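See below for the structure under consideration.
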Amino acid sequence: MSVIGGTLLRSGQHKKPSCKRYALAAAFVMSFGLASEIGAAGPVVVSNGNDSGEGSLRAALKAAAQPGASGHVLVATDGDISVKSTLTYEGQAPLAIYGSGQSIKTEVNTTLLEVSKGADLTVNNLNFRGPGGFSVKNRGDKSGKAGKGIFVKLRGDQTGIVNVTLEGVALSGIAYHGIHISDCDRGDACGAGSGGEGNGSPASITVRLTNVSISEVGTGKFDADGIRVDERGAGDIIFNSRNSSFSRVGADGVELDEGQDGDVIASVVNNTFVENGGYCDPKVLEQFLPKDHKGEFKDQKFSESDVPAKVEGSPDDACFERDVELYDSGFVKEYEIELDLDDGIDIDEAGNGDLRTLMVGSTIRGNLDEGLDFSEEDGGELDVSVWRSTAQGNTDDGFRAREDGPGSVKILLHDVQARENGRKGATFRQRDQGDINVVVDRTMTGKNGDGKKTGIVVEQAGAGTGTLTLRNSKISDGIDAENVKVVEE
């Protein structure tokens, strides 16, 4: 049996696509070294750009999910593929889609590709384009669900490792997450950040990105990221991104949320994170902030009932954070109502497990909240190394990492620049039991915040020790070390 044009061909049947398409499919097989891997079942060849029917990608995905199929799809069209509804792969066997620069595109607000039963996914040399034009004033979730670019949903009984591998892929013009990998039984209501809600399978998730571009996605819904991984249950997140870019995303360029037991291990090399986090556009929404949107008070001076109410009637009320801190007496210590802007890269690990990240040769610039924001809580360690990277012009801190549980913090900045960020160049905190050790080597900070102790902040607020070691570095805007010994070598 072989598969041509999305149709299974049995012995004695004949269907001949053009010689050009045969040649293109053969070239794909040779260039990716797939001939032995695909085997006798043969690939499924997409021979036209139609939304459905014989030779379409939709038909190919259905054929690839059949028992005994190779799971390999070769896009041999001369042009792009236009769809009006979600392309769905319902198999559990691995799926690999190979193109040569074509786009899968839609003019409607829908998810482009969904892998619905937790199959491994490989995509090479394809683009995914939504209709674009989304904003907080032109939301993608007003009349239905906002569309995603690629959505991989794990099964509740999944075990082992789910692999998502993208190379030479570009995503743009999408209302919701550009890429969403979900191991969470609450779906899009899973919640974000450390300690998010929901449960998941025991499986781990591995993501590999090479030469991937994600731009102008997540601009039509609150908290919509360039790539979002929600992992619940006992599994790990392993994230490896090379030579990739995340720009003008509505929320975080990259958000990895590990909400229960399990580690997050990330390697980020030669990436850019530029101008992300602006869905809650200050130019549009600041007018809806109450006149007195923050305050700080002595005890017994300000009642909670006097705090301004939650914002209502804006283009998206979810964009407003309202935080109130009380004294033991019940009176207000401080409150703030502010816009919920987002980061270049955001990683949260909760439950028992470590957060370990290596970043090399990366640029983090102009993001509307922190440039890099990592947090680890509960049992586990926080270990972050940043080499030959720059954080510049981010609205909040350039680099931020904190440990809220009883684990150690190990930070290395080597040949790093943090300059012209709105608050601090770099902030590192340990808030519970555990030591914090920060080494800053051949690093420069300048013009961050107001320039007064805003270059590097290291805080030990828990029961452990703290050390900041400086080597061949120029921290021109000062150091704020709280319960931390500063050593210059």
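None of Asp299, Asp257, Asp261 is of a type in the set (Asp, Glu), in the same structural domain as Gly398 (by TED's automatic domain parsing) and not in a strand (DSSP E or B) except Asp261.
Restricting attention to region 293-308, the residues being touching a Pro at 6+ places or on another chain (Cβ under 8 Å) and within 30 Å of Val249 (Cα to Cα) number 1. Being assigned by TED's automatic domain parsing to the domain that holds Asp236 and among the charged types (D, E, K, R), is that true of even one residue in region 313-322? Looking for residues that are assigned by TED's automatic domain parsing to the domain that holds Asp236 and among the charged types (D, E, K, R), one finds none in region 313-322, hence no.
The residue that is surrounded by the most Cβ atoms within 10 Å (Cβ to Cβ), counting only those in region 184-238 that are of a type in the set (S, T, N, Q), under 16 Å from the mean Cα position of the chain (by Cα) and not in a strand (DSSP E or B), is Thr219. Across region 107-151, the qualifying residues are those that are of a type in the set (Gly, Ala, Ser) and closer than 23 Å to Leu166 by Cα, and the one among them that is surrounded by the fewest Cβ atoms within 10 Å (Cβ to Cβ) is Gly132. Just one of (1) without any contact (Cβ under 8 Å) to a residue 60 or more places away in the chain; (2) closer than 26 Å to Gln417 by Cβ; (3) in a strand (DSSP E or B) fails for Met359. It is (1). If you check Gly407 against the conditions, is it in the same structural domain as Asn243 (by TED's automatic domain parsing) and either touching a residue at least 60 places away in the same chain (Cβ under 8 Å) or crowded, with 22+ Cβ neighbours inside 10 Å (or both)? So Gly407 fits the description; yes.
Looking at the structure I just gave you, is Glu336 at pLDDT 95 or above, of a type in the set (Asp, Glu) and not in a loop (DSSP other than H, G, I, E, B)? Taking the combined requirement at face value, the residue satisfies it.
The values are calculated or read from the model by the stated rules, or taken from the named source; none is laboratory data. All of these numbers come straight from a predicted model, not from anything done at the bench. Using ideal geometry, Cβ is built from the backbone for each residue, glycine included, and neighbour counts are taken over all protein chains shown.
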